[in-house]
4 protein chains.
Amino acid sequence: MAQHFASDNYAGICPEAFAAFAEANSDHAMAYGDDEWTRRVSDRMRAIFETDCDVYFVFNGTAANSLALASLCQSYHSVICHEAAHVMTDECGAPEFFSNGAKLLAAAGEFGRISPDEVTRLVERRSDIHYPKPRVVTLTQATELGTLYRPEQIAAISERARQYGLRVHMDGARFANAVASLAVKPADITWRAGVDVLCFGGTKMGLPVGEAVVFFDRRLSEDFAYRCKQAGQLASKMRFLAAPWLGMLEDGAWLRRAAHANAMAERLSRGLADLPGLRLIAPTEANGVFVDLPAEVAAGLRRRGWRFYDFIGSAARFMCAWDIEAETVDALLEDARSLCEA
Amino acid sequence: MAQHFASDNYAGICPEAFAAFAEANSDHAMAYGDDEWTRRVSDRMRAIFETDCDVYFVFNGTAANSLALASLCQSYHSVICHEAAHVMTDECGAPEFFSNGAKLLAAAGEFGRISPDEVTRLVERRSDIHYPKPRVVTLTQATELGTLYRPEQIAAISERARQYGLRVHMDGARFANAVASLAVKPADITWRAGVDVLCFGGTKMGLPVGEAVVFFDRRLSEDFAYRCKQAGQLASKMRFLAAPWLGMLEDGAWLRRAAHANAMAERLSRGLADLPGLRLIAPTEANGVFVDLPAEVAAGLRRRGWRFYDFIGSAARFMCAWDIEAETVDALLEDARSLCEA
Amino acid sequence: MAQHFASDNYAGICPEAFAAFAEANSDHAMAYGDDEWTRRVSDRMRAIFETDCDVYFVFNGTAANSLALASLCQSYHSVICHEAAHVMTDECGAPEFFSNGAKLLAAAGEFGRISPDEVTRLVERRSDIHYPKPRVVTLTQATELGTLYRPEQIAAISERARQYGLRVHMDGARFANAVASLAVKPADITWRAGVDVLCFGGTKMGLPVGEAVVFFDRRLSEDFAYRCKQAGQLASKMRFLAAPWLGMLEDGAWLRRAAHANAMAERLSRGLADLPGLRLIAPTEANGVFVDLPAEVAAGLRRRGWRFYDFIGSAARFMCAWDIEAETVDALLEDARSLCEA
Amino acid sequence: MAQHFASDNYAGICPEAFAAFAEANSDHAMAYGDDEWTRRVSDRMRAIFETDCDVYFVFNGTAANSLALASLCQSYHSVICHEAAHVMTDECGAPEFFSNGAKLLAAAGEFGRISPDEVTRLVERRSDIHYPKPRVVTLTQATELGTLYRPEQIAAISERARQYGLRVHMDGARFANAVASLAVKPADITWRAGVDVLCFGGTKMGLPVGEAVVFFDRRLSEDFAYRCKQAGQLASKMRFLAAPWLGMLEDGAWLRRAAHANAMAERLSRGLADLPGLRLIAPTEANGVFVDLPAEVAAGLRRRGWRFYDFIGSAARFMCAWDIEAETVDALLEDARSLCEA
């Protein structure tokens, strides 16, 4: 199938990840994470984050986020998330399932970002036991609208969260794109800014399967391995989940590939913004472009074979995967231009 | 690491599986199972099972079994399983977690096998609402003691189960070994013998990750895709879970590889049984050898670097993976012999 | 404590309920519902509803609604409810807990009522497996704004629900007030209008403790007794839950008491609506009055010792319990009048 | 119905409890426990236990035990209980449901009692993440065989539990009988002996409905009110759950009534033990008599209208409720004697 913009998980495996995966396929290895690849990549994570964090590898983002949130709260607690957050809109009730009933509280906020005052509003709105007690704030970095939180924005939210005794979780399905775009150290937008747990996305970054759950506050990861096991998220041949991370992390491939995807999104964003009748609904800061598209343009693009998702209202979402080529972006732009000018 | 007998998941990826995995890594593909590999392997499954079954790919055996059982019962129901069944002893409460509380009822039975009369005993023991109502029987094929159920044994259990309104689930973590050893058609030990749902093990067969849940009674799989999604078991890049199955299933590799493992177990079993002081605790019918081992022999083997699991009492478990070599088996036997004769 | 308007559960036990409760306290009786009171009141329910329904007695409304909803859906399904519904706003995540993760979808609608088109909107909005599949519509009768659904309104919603394969649940915490106010037969606003399961409120009606779950479609109540038992909702001395219902139901006390509460609400509503600066935010159709109150009037009433709840925005909620006296209503009105004229 | 020995919940409400219940039924009262009865009885509990404990009132024993256990562990933990414990055999999976999957580990032990060494055995048996980690020991006082733990026995178990980081829970469905029989202070067999949480049984003691959960380690009760609310265990008219406790606790009625039941059990026990062919299977230390009964004697008693439960094997259980009369005991003995001598 040709390249598309519907989702960054349409892409395959990054060469660096594939090579490490293939290399791990030799001889026998201890199961369930007691192997050298898992050890090496966990150490590598600690180096990258410049702290002694706890790292767990699980199968997908649904599980990573849900397990992390479940470890931060009890069933009668609630989790503050943006109303457009993936955990709210696209996990089929997974956070509620894993936590056995914790409720998600929808925060408003421009461009997919939560503000400290929204945290305050949602915490202070109720204080009776008939409403689940807020216990966690979850941020998505990059957001569901392709924007980013800057370090100081995260720190401000974390500080507010702390005032209310809340923990801070980050859904980093596109964490690589965020780090590459912000040109910060990974620590600067995580633990140094008050994040307790990060779900570090592997699949969209170029892995075949798997995400990492990174606990910066190690007290929070007590017995987390049991939680993973019980929830069907402990891989027996763990080396095949871990090794691809090594390939991506060892020589900075993760950031190079993410930077490329970001650049392609920027190229697409600029091109679309120039067209008459098109309007970005959020600034393009990572690898997604969100644009209000006249219905006939959207229909025309689809007739020409392009795949992309509808977003809220008449908007469309174009995601740039790690492998998207400039030629593909330009071909899409060419088609869009001819449709807009028709 | 050298080859070992601790677990059949110490082995890597089967060449046939790897080749198909690598081949699937080209271009873009639709996510979440809407790709050609998933379609092709599902069709292939239907051909192999000679029936129009429903197939779902999930990440591991814990999830496969737990999701399948949860789809067959409600939280206040119970599941009859052998007291040595993996769901009972090694899933850290996963069946209870996925089903939100269904209880496992331990059945006794020689060599890891449940009998129809044990089903009757457990069903008829109680009939009040203070005890969870039996709703499912789960069989492990091959069993946790390396033995097999013959088609007529499965049929007898299924018939008994039907009398009580119970469904029949099969944990087929080593289903390939069972089919290869019994020399039956896959249908003969599943739906033709009354099995409603099979968890078909991929990992131990030679895949990097993933198991298949096969519903022979398609009414039972209604909304199962939602169940998988909510439970964090829907792979976004599904092709990488599906494609390796193609490699294994397309030219009978799955049965060849399983037959080899079985043969190696047979070789090991015969060799160990010949040694003075050693006694098999169950007949060797698949790829596992269970043997009562004098403590000093067990210790001696471990000193020489061999890895294997303790089993009940003073028994040891030796599993033969798909890639175990005759030389490795012979080397283990040689060491055992010298220890026994010492 | 004097009479108040904060909640209709501030009131004690209705004399008719108390007498039956006291009468049931003689000698021994079989436990867990196998007693004559439970049998008699269940039969009485079937007479009142003019159908062969299944009746279960549980401890409170949280449990009644949550267990009923859990019996109508699986964890990956969703439940359409009004955005102001008690299950959404005041159950601390109980529906999610009992169902192990089912999501509530908030429907908009004037005066606390859902419309058929809102059902359509919420069902048709999404059809992918990343969003929980709608499976139930729940209506609150009387609504959280003290309004009522007329039989034909319920029937229209049920018909729409059926088109989409949804079941219909009614939260009848104030069902008695609804029946008394609409002057209909209980069957007309339940099963004849397409309701599958009713949670019939006992506590607010005048019982010390307990609600009834009434299944009009008996296929839906299969094993419901097990569900109640597992969820801690099976009373051992069931007669004390059941008997008070007998007292209320046997000579129409439930409707007389509810009619009185409704009349008091009507008296209060008319009195408040006459005052300058006060505005009803919903018509008064049952036993609750919802009124926009200037902040200084609200504060003044509280200073004079009156208790009532804040509602959305600057509105206040005044609930009339079964025992509220006309003198109490008039005293509140007198205080409100003097504050408004100040 | 005449008096029987099947269950101590066949009995009605104790006069002292009834009087307090009736007295509480006056005027309005704040809902959800914010009333004077709840405050007074909580204070009374603290006086009786001579410590500043946290007290919660829930509807029944299933819920009390399950909520308490759920508050002491996570879903991937396990709970050590006697193999005959009510939570294991008669709660229809409630502990698993409330905890979302925690497993119960069956401890053996003579006369229904767990020993410290059994705790050690079950904790040390496994230490891998494939088996749920033990986190709680639960003791039943009086046990399911009508025996008692003496203070030093409880202390020994608690000490062992502490060594492994386990919490100690006591199922006190018949706590009153235990205190009355042992003639100890309530503190001596609870917190002074290392118990963290007690479920103090109200129903069997003579209440219409309701049990108390008493946290001696108040850190463990954080947010427990939310847990109760979410699980459908928060009574709106809480005064009717709380007041009966006042009646029982205020002048020692609870111990007088329990002592009477114990004395009746003693009378029955001695009488039965004297009969030829009958054999007590456990010493009679509280209000239950467990006796091996020839099948024809059991059948004969039932023909004469007596109700009692079968127990393990050919044993029968006779429970003496708070209201059982000496004449009833003697009538049963008379019938048993004539059957034995026939």
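The values are calculated or read from the model by the stated rules, or taken from the named source; none is laboratory data. Quick caveat, the model's predicted, so the values are computed rather than measured. Cβ: placed from backbone, ideal geometry, glycine included. Neighbour counts: every protein chain shown. To get the accessible areas, we keep the full protein, side chains included, count just its heavy atoms, and leave off ligands, DNA and RNA. Shrake-Rupley method; radii C 1.70, N 1.55, O 1.52, S 1.80 Å.
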- Item | Separation of the residue C:34 and residue A:40 label points, Cα + 7 Å toward Cβ, nm | 6.6 nm
- Note on the structure: Counting only DSSP beta bridges with both partners in the protein assembly as shown, the antiparallel fraction in percent, to the nearest 5, comes to 50 percent
- Message: At 7 angstrom along the Cα-to-beta-carbon line, where would the label on residue C:19 sit relative to the other copies? Give the distances in nm, shortest first.
- Response: 2.5, 8.8, 9.0
- Message: Explain nothing, just the number: dipole magnitude of the range D:136-184 about its Cα centre with +1 on each Lys and Arg Cβ and -1 on each Asp and Glu Cβ, in debye rounded to the nearest 20.
- Response: 100 debye
- Note on the structure: If the chain between residue A:295 and residue A:334 were fully extended at 0.36 nm per residue, the gain over the current Cα-Cα distance would be 12.3 nm
- Message: Need one value for D:50-60: mean number of C-beta atoms belonging to other chains within 10 Å of its residues' C-beta atoms.
- Response: 2
- Message: Which order do you get for C:322, D:245 if you rank them by accessible area with a 1.4 Å probe, largest at the top?
- Response: C:322, D:245
- Message: Treating the point 7 Å from Cα along Cα-beta-carbon as the label, what are the nm separations from residue A:34 to the other copies, to one decimal?
- Response: 4.3, 5.0, 5.5
- Query: Among C:259, C:173, C:315, which one shows the biggest mean-square fluctuation in a GNM of chain C, springs joining Cα atoms closer than 10 Å?
  - Reply: C:315
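How well do other chains shield peptide C:208-216, expressed as the mean number of their Cβ atoms within 10 Å of each residue Cβ?
Whole-number average of other-chain Cβ neighbours for C:208-216 is 3.
To the nearest 0.05, how large is the calculated FRET efficiency for residue C:117 and residue C:219 if R₀ is 30 Å and r is the Cβ-Cβ distance?
The computed FRET efficiency comes out at 0.55.
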- Message: Could you report the accessible area of residue A:310 in Å², rounded to 10, computed with a 1.4 Å probe on the protein chains as they sit in the structure?
- Response: 110 Å²
- Query: Which Rg and Dmax, in Å, describe the Cα atoms of the range A:198-286?
  - Reply: 18.2, 56
- Using amide H atoms built 1.01 Å from N in the peptide plane, name the residues 5+ places from residue C:306, or on other chains, whose amide H lies under 5 Å from its own. none
- Message: So for chain C, averaging the separation of alpha carbon pairs under 8 Å that are six or more residues apart and normalising by length, what relative contact order in percent results?
- Response: 25 percent
- Item | Within a Gaussian network of chain B (alpha carbon springs, distance under 10 Å), most fluctuating of B:22, B:142, B:108 | B:22
- Query: Taking only the alpha carbons of the range A:1-148, what extent do you get along each of the three principal axes, in Å, biggest first?
  - Reply: 58, 38, 30
- Shortest first and in nm to one decimal, what separations exist between residue B:277 and its copies in the other chains, measuring from label points 7 Å along the Cα-to-beta-carbon line? 5.6, 8.8, 9.8
- Message: To make sure I understand the rule: partners must be lysines, Cα under 19 Å from the Cα of residue B:229, and not fewer than 8 residues away in the same chain. Which ones qualify?
- Response: A:103, A:204, A:229, B:237, C:103, C:133
- Query: Using helices alone, what [θ] at 222 nm do you get for chain B, with -39,500 (n - 2.57) per DSSP H run of 4 or more residues, divided over all residues and rounded to the nearest 500?
  - Reply: -12500 deg cm²/dmol
- Query: When the Cα atoms of the range B:106-245 are enclosed in a convex hull and the volume is divided per residue, what value in Å³ results?
  - Reply: 131 Å³
- Task: Mind checking which of C:77, C:336, C:11 is farthest towards the positive end of chain C's charge dipole, using Cβ charges of +1 (Lys, Arg) and -1 (Asp, Glu) about the Cα centre?
- Result: C:77
- Query: Using the C-alpha atoms of the range B:15-249, what convex hull volume per residue, in cubic angstrom, is computed?
  - Reply: 110 Å³
- Query: Chains C and A: what accessible area do they bury, summed, in square angstrom to the nearest 100, with a 1.4 Å probe?
  - Reply: 1500 Å²
- What one gets for the protein assembly as shown as the Kirkwood radius, inverse of mean 1/r over different Cα pairs in Å, is 33.4 Å
- Computed FRET value (nearest 0.05) for residue A:23 with residue A:150, which takes r as the C-beta separation and R₀ as 41 Å: 0.65
- Estimated dipole of chain D in Debye, rounded to 20 [Cβ of Lys and Arg +1, of Asp and Glu -1, Cα centre]: 620 debye
- Note on the structure: Rounded to one decimal in nm, the spacing of the 7 Å Cα→Cβ label points at residue C:164 and residue A:108 is 2.5 nm
- Item | Nearest residue to the symmetry axis between D and B, taken on chain D by its Cβ, in whole Å | D:96, 2
- Convex hull of Cα atoms in the range B:271-342, direction-averaged projection (nm²): 4.6 nm²
- Would you grab the residues whose amide H sits under 5 Å from the one on residue A:280? Only those 5+ places off in sequence or on another chain, please, with H modelled 1.01 Å from N. A:292
- Only Cα pairs under 8 Å and at least 6 apart count here; give the relative contact order of the range D:264-336 as a rounded whole percent. 34 percent
- Quick one: of the DSSP bridges fully inside the range B:15-249, what percent are antiparallel, nearest 5? 35 percent
